[in-house]
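Nothing in this text is a laboratory measurement; each read-out follows from the coordinates by a stated rule. Owing to the predicted nature of the structure, the values given are computational and were not obtained by experimental measurement. In this analysis, Cβ positions are derived from the backbone assuming ideal geometry, glycine residues included, and neighbour counts consider all displayed protein chains.
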Amino acid sequence: MDPTIPDGAIEPIGVVSSPRKNRRDDEWGAVESTITLDADQFDPAALNGLAEFSHAEVIFFMDRVREEEIEWNDRHPRNNPDWPSVGIFAQRAKSRPNRLGLSRCQIMSVDELTVAIRGLDAIDGTPILGLKPYMEDFGPNGPVRQPAWAGELMANYY
């Protein structure tokens, strides 16, 4: 397998402004942030209609994770030995290959090139790679199942 991504195909579209300046695992639910699109790439028309949605999915690049922190195989989530060692793709750790983050956030308002959101688990200055409205029809198709440790890990996340 030799897939390639053309040079320049993935570039930040904007940046996060957040009161959270440091990496931390929990208590993201009340965090209010803004995403400001790059004015050199976009005009306000790019956000037309987004305010009609309650939530957005935000794709971001976790740029503060150093390359030597990236996990390629398995580990205990949050290095907690009480939870099973699982593959990096069976958890949502920030130290993952490609350092991509994905969050579903509440849209508070849209103004010009800025989207105010609540619940984005990205720190101040994080590059934004994608922004999509959340639509119920793109939600899970069928019942959701997860191991008990995942619920324990998420108990204080939001």
Full extension from ASP111 to ARG145: what is 0.36 nm times the residue separation minus their Cα-Cα distance, to one decimal in nm? 8.5 nm
Once you put a point 7 Å from the Cα of SER85 and another 7 Å from the Cα of ASN73, both along the Cβ direction, what distance in nm separates them? 0.7
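Please rank ASP2, ASP74, fewest neighbouring Cβ atoms within 10 Å first, as an exposure proxy.
Working: ASP2 3, ASP74 13.
In increasing order of surrounding Cβ atoms, one gets ASP2, ASP74.
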ILE10 versus ARG104, label points 7 Å from Cα toward the beta carbon: distance in nm? 2.2
Per residue of the stretch 93-100, in order, report the coupling 6.51 cos²θ - 1.76 cosθ + 1.60 (Karplus, θ = phi - 60°) as ³J(HN,Hα) in whole Hz, putting x for Gly and Pro. 4, 6, 8, 9, x, 6, 6, 8
Label-point gap, in nm, between ARG118 and PHE53 - each point 7 angstrom along Cα→Cβ: 1.9
Which ³J(HN,Hα) values in Hz, rounded to whole numbers, follow from the phi angles of the stretch 108-125 under the Karplus curve 6.51 cos²θ - 1.76 cosθ + 1.60, where θ = phi - 60° and Gly and Pro get x? 8, 6, 10, 9, 6, 9, 10, 10, 8, 9, 10, x, 7, 8, 10, 8, 3, x
Note: ASP63 to ASN156 extended length (0.36 nm per residue) minus current alpha-carbon separation gives 31.1 nm
Net charge contributed by nearby residues that have their C-beta within less than 15 Å of ILE70 (K/R +1, D/E -1): +2
